[in-house]
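One structure is given below, encoded as structure tokens.
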Amino acid sequence: MAEIPFVSVDQMRVADRLMVDAYGITPLQMMENAGRNVARAARRLFLGGNPAGKKAIVIAGVGGNGGSGLVAARRLITWGAHVEVWLSALREDYERAADHELRILEVMQARIRGPELAPRFDGSVLIDALVGYNLSGPPKGRVGELIRAANASGVPILAVDVPSGVDADSGEVHDPAIKAAATITLGLPKRGLRHGEASRYAGDLFVTDIGIPPALFARPEVNAKVGNIFAEHEILPVAQTSAAPASQDATPRPRGFSNGQSLVPSSSRKPNT
């Protein structure tokens with residue numbers, strides 16, 4: 001089995017840029033790939049394999065991470081889930097690709113909650129799509145408010161790429177930071193998630209294919225050796241924790257998976273640490 005390498009933020013940022021500049025793969029295409037698999041993970045891990053009639057929350061930032069969460073919201077809605085989307089900023093502050101996804105949700109008449117509303121969450125799963133790997137210092141303002149409300153809600157959290165508030169490079173856990181039951185990291189796992197405290201905040205760690213060719217990772221600008229890790233499955237386990245963070249002690253752990261399904265046991269893949 002091919003090993004799963006961890007990468008730095010700089011490596012991932014360069015890979016994302018090359019996807020656009022060298023391969024002509026747009027941010028919208030990457031968001032679609034990421035969001036689809038985030039929704040699939042939420043469906044399998046927290047929604048019993050069938051989202052119909054169940055409630056999901058998405059807290060969405062203004063950039064690419066938020067855009068992936070908005071795609072996940074759209075997918076879950078089409079599968080019959082009752083989804084609430086909570087915004088971290090004013091509508092006009094959303095970047096172009098995330099704004100595109102918001103407009104689709106508006107056409108679908110999705111439940112979208114603006115930043116003027118005090119956050120109160122309930123449901124079967126909460127998808128954290130606030131910040132991602134571009135975090136710079138402790139989350140503040142509306143983002144910090146949403147993180148605190150999510151942690152206090154008792155709803156199991158699925159973080160997109162990196163739990164918001166956790167530094168993807170150093171593993172530093174800021175105050176506040178999302179305390180996730182599981183994290184689905186995009187493309188490759190970020191090296192900060194290997195650190196003890198960060199790994200506890202990430203919960204069970206999975207990685208998903210967003211369409212980056214192994215040859216792109218091998219380019220000198222990125223310098224990451226990646227085999228055909230997604231040849232059989234688009235979502236792979238990287239590490240599983242024995243316990244959730246303290247405030248999530250009563251939160252149900254993600255459901256397991258068996259071979260032949262889209263997620264497979266962690267023992268079948270060896271992360272390269």
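The values are calculated or read from the model by the stated rules, or taken from the named source; none is laboratory data. A quick note: this is a predicted structure, and the numbers were derived from the prediction, not measured. Note that we place each Cβ from the backbone using ideal geometry, even for glycine, and neighbour counts take in every protein chain shown.
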Kindly establish whether D93 is touching a residue at least 12 places away in the same chain (Cβ under 8 Å), charged (D, E, K, R) and within 21 Å of P163 (Cα to Cα). no
Given (1) within 29 Å of D122 (Cα to Cα); (2) out of contact with any helix residue (DSSP H, G or I) (no Cβ under 8 Å at 6 or more places or on another chain); (3) in a helix (DSSP H, G or I), where does A152 come up short, assuming only one miss? (2)
Show the residue pairs meeting these rules: Cβ distance below 7 Å; 6+ apart or different chains; first residue within the range 137-148 and within 10 Å of P115 (Cα to Cα); second residue among the aromatic types (F, W, Y) and modelled with pLDDT of 95 or more. L146/W86
Checking P214 against (1) crowded, with 23+ Cβ neighbours inside 10 Å; (2) without any contact (Cβ under 8 Å) to a residue 60 or more places away in the chain: exactly one of these is not met. Which one? (1)
Checking S136 against (1) surrounded by fewer than 20 Cβ atoms within 10 Å (Cβ to Cβ); (2) at pLDDT 95 or above; (3) closer than 22 Å to R17 by Cβ, which single condition isn't satisfied? (2)
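Quick grid of which residues meet (1) modelled with pLDDT under 95; (2) assigned to a loop (DSSP other than H, G, I, E, B); (3) of a type outside the set (A, V, I, L, M); (4) surrounded by fewer than 18 Cβ atoms within 10 Å (Cβ to Cβ):
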| position | (1), (2), (3), (4) |
| --- | --- |
| F206 | no, no, yes, no |
| K225 | yes, yes, yes, yes |
| N228 | yes, yes, yes, yes |
| A244 | yes, yes, no, no |
| A250 | yes, yes, no, yes |
Looking only at residues that are assigned to a strand (DSSP E or B) and among the small types (G, A, S) in the range 43-89, which one is nearest to D204 (Cα to Cα)? A56
Being among the hydroxyl-bearing types (S, T, Y), at negative phi and modelled with pLDDT of 95 or more: is that true of S153 here? yes
Those residues that are charged (D, E, K, R), under 16 Å from G63 (Cα atoms) and not in a helix (DSSP H, G or I), I need them from the range 90-133; list them, please. E95, D128
Is it fair to say R17 is assigned to a helix (DSSP H, G or I), of a type in the set (D, E, K, R) and in contact (Cβ under 8 Å) with a residue 12 or more places away in the chain? no
When you scan the range 149-165, how many residues do you find that are over 20 Å from V83 (Cα atoms) and either more than 16 Å from the chain's Cα centre (by Cα) or among the hydrophobic types (A, V, I, L, M, F, W, C) (or both)? 1
Go through (1) farther than 30 Å from N223 by Cβ; (2) surrounded by 19 or more Cβ atoms within 10 Å (Cβ to Cβ); (3) out of contact with any Ser or Thr (no Cβ under 7 Å at 6 or more places or on another chain); (4) of a type outside the set (S, T, N, Q) for A181 and report which single condition fails. (3)
Pairing a residue in the range 180-197 that is on the phi > 0 side of the Ramachandran plot with any residue that is of a type in the set (S, T, N, Q), where Cβ atoms lie under 9 Å and the two sit 6 or more apart in sequence or on different chains, gives G187/T208
